[in-house]
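In what follows, a single structure is set out as structure tokens and then discussed.
What follows draws every value from the coordinates through simple rules; no lab data is involved. Predicted, not measured: the structure shown is a model, and the values here were computed from it. No Cβ is skipped: glycine too gets one built from the backbone with ideal geometry, and neighbour counts run over all protein chains shown.
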Amino acid sequence: MEVGVLSSPRQGEGNTFEMIAKYGVRTTQLCNWNAALWTREYAAKIRQDSKDSGVELAAVWAGYSGPAVWNFIDGPVTLGLVPPVYREQRVAELKKGADFAAWAGAPAIITHCGFIPENPKDPLYEGTLAAIVEVGRHCAANGVGFWFETGQETPVVLLRVIEDSGLKNLGINLDTANLILYGKANPLDALDVFGAHVRNLHAKDGLYPTNGRELGHEVAIGKGKVGFPKVIRRLHELGFTGQIVIEREISGPQQAKDIQKSVGYLRRLVAKAQG
């Protein structure tokens, strides 16, 4: 298990992963919501930046166009591949993201697929599954995986989608906090449901929702409800060998301080779990 830090595209010249390397880590996910950057030229730059910085590209986090509202009221009708009005465009954008991942040498793309219905007989479930399969097949043709970031779906729904797809390249990016922020599960118990499909992590901490409209609050690792010692130990028991990529959703000096502290904390937990 390798600890890393989430990165974003760097505008202009310079190494995209320079700031990530300063944390003393060697792996990252590149998170991008601008499909215009999915070019062969930028992929070549990412390959070179990775080589020069010594930071491995663990995955590409692929965003999409259209509205994205992160709450329980407008989220279901704006996020991911669930809303029919945005589905066709987003499928095309995620396919471009898969092309980019292949050019850049990343093993997979990751995204939020949205509030996939709990009821498999809901008409939105069938359409969403078809869109996921379309993207997943395109990813497979590029030799990359298609991994779902946890959050808006229960663990059982994610497991069912993977089973129903019939595809071998689907997997899960376990965001340890999101299951809590959305009130869907706790990450330790979720591993009993979909642990075999976890490919890498967003290491993040958070608190449960306190009302029916807004997500819970993200907090620094170790300050929330995740319980990282047990989660890391359980991942080791499951044979997980992927990347643990830190995501801290604030900005400024405190973000850097929290990330640096989390790097050491998580490395100690990994070393302890591995004996």
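Distance between the modelled labels on K51 and E13, one decimal in nanometres: 1.9 nm (7 Å Cα→Cβ projection). Roughly speaking, what is the centre-to-centre gap between segment 82-111 and segment 235-253 when only Cα atoms are used, to the nearest Å? Cα centroid to Cα centroid, the span is 22 Å. Here segment 166-206 and segment 116-136 have alpha carbon centers that stand 19 Å from each other. For segment 42-87, just say rounded, prolate or oblate: build the C-alpha gyration tensor, square-root its eigenvalues into a ≥ b ≥ c, call rounded for a/c under 1.5, and beyond that prolate if a/b exceeds b/c, oblate if not. Taking the square roots of the gyration eigenvalues as a ≥ b ≥ c, segment 42-87 is prolate. Judged by the mean number of other Cβ atoms found within 10 Å, the most tightly packed of the peptides 253-260, 133-140 leads the ranking 133-140, 253-260.
How much length would be gained if the chain were fully extended between D192 and E237, taking 0.36 nm per residue of separation minus their Cα-Cα distance, in nm to one decimal?
Numbers: separation 45, 0.36 × 45 = 16.20 nm, distance 1.12 nm.
Gain in length upon complete extension: 15.1 nm.
Stretched out straight at 0.36 nm per residue, the stretch from Q255 to A44 would grow longer than its current Cα-Cα span by 73.0 nm.
The modelled label-to-label distance between S65 and D164, using points 7 Å beyond Cα along the C-beta direction, is 2.8 nm.
Tell me, what is the percent relative contact order of the chain, built from C-alpha pairs under 8 Å that lie six or more residues apart? Please report the intermediate quantities before stating the final value.
Values: 554 pairs, mean separation 46.4, N = 275.
Reported as a whole number, the value is 17 percent.
Checking (i) 19.3; (ii) 18.7; (iii) 22.0 against Kirkwood radius over Cα pairs in Å calculated from these atoms, the matching label is (ii). Just check segment 52-210 against the gyration tensor rule for me: Cα atoms, a ≥ b ≥ c as the square roots of the eigenvalues, rounded for a/c under 1.5, and otherwise prolate or oblate depending on whether a/b exceeds b/c. Note, shape of segment 52-210 comes out rounded.
So if I place +1 on the C-beta of Lys and Arg and -1 on the C-beta of Asp and Glu, and nothing else carries charge, what would the dipole magnitude of segment 2-273 be about its Cα centre? I want it in debye, nearest 20. Walk me through the intermediate numbers first.
Details: 30 positive and 29 negative charges, 159 e Å.
Once rounded to the nearest 20, the dipole reads 760 debye.
Considering only alpha-carbon pairs that sit under 8 angstrom and 6 or more positions apart, the relative contact order computed for segment 59-163 is 30 percent.
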